[in-house]
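The values are calculated or read from the model by the stated rules, or taken from the named source; none is laboratory data. Everything numeric in this text was worked out from a predicted model, so none of it was measured. Reconstructed Cβ throughout: ideal geometry from the backbone, glycine too, with neighbour counts over all protein chains shown.
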Amino acid sequence: MDILGEILKQVIEGAAQQQAPQRQPQPQPRPAPQPPQGMPSANDLTDILSQIFGGGGAQKLPDVVRQFEEKGMRDQVDSWVRTGPNKPVERRQIEDVFGQRELDQLARSKGIDRNELAEVLAKYIPRIIDELTPQGQLPRR
């Protein structure tokens, strides 16, 4: 089962609905808007997050959480795992956790800007970890 894919779909669709102004339904579907140059598309973001979290089953979730904790962000990551509001993370913290080299490699593989990738990851990683831990704790291995 592709747990991560389903969560990403919900998170990305939710973000798109929040950003899009409310309009009357259109009789014909329009193609999905293309992201600005340098920004990851929804497919690219799904691929990148799948790499980070270890595929559709999010096998690397405990490792990702540990990476944040080792960089002094235990309070933040605890807020993402537990129920309740999520504390934000900044782009520079994402860069610190994953490293410039890994972010450069991920960004280059999709032809996007590393700084934009770090911004997007800062936005989505807390929400994804929150969704992957609905009972307020990491899954047992």
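Could you check region 77-104 and list, in sequence order, the residues that are loosely packed, with under 13 Cβ neighbours inside 10 Å and either touching a Gly at 6+ places or on another chain (Cβ under 6 Å) or among the polar types (S, T, N, Q) (or both)?
T83, Q100
Inspect all residues belonging to region 57-76 and state whether any of them is on the phi > 0 side of the Ramachandran plot, crowded, with 17+ Cβ neighbours inside 10 Å and modelled with pLDDT under 90.
Yes; the residues of region 57-76 include at least one that is on the phi > 0 side of the Ramachandran plot, crowded, with 17+ Cβ neighbours inside 10 Å and modelled with pLDDT under 90.
Given the condition surrounded by 12 or more Cβ atoms within 10 Å (Cβ to Cβ), of a type in the set (A, V, I, L, M), at pLDDT below 90 and touching a Gly at 6+ places or on another chain (Cβ under 8 Å), answer yes or no: does some residue in region 30-51 qualify?
no
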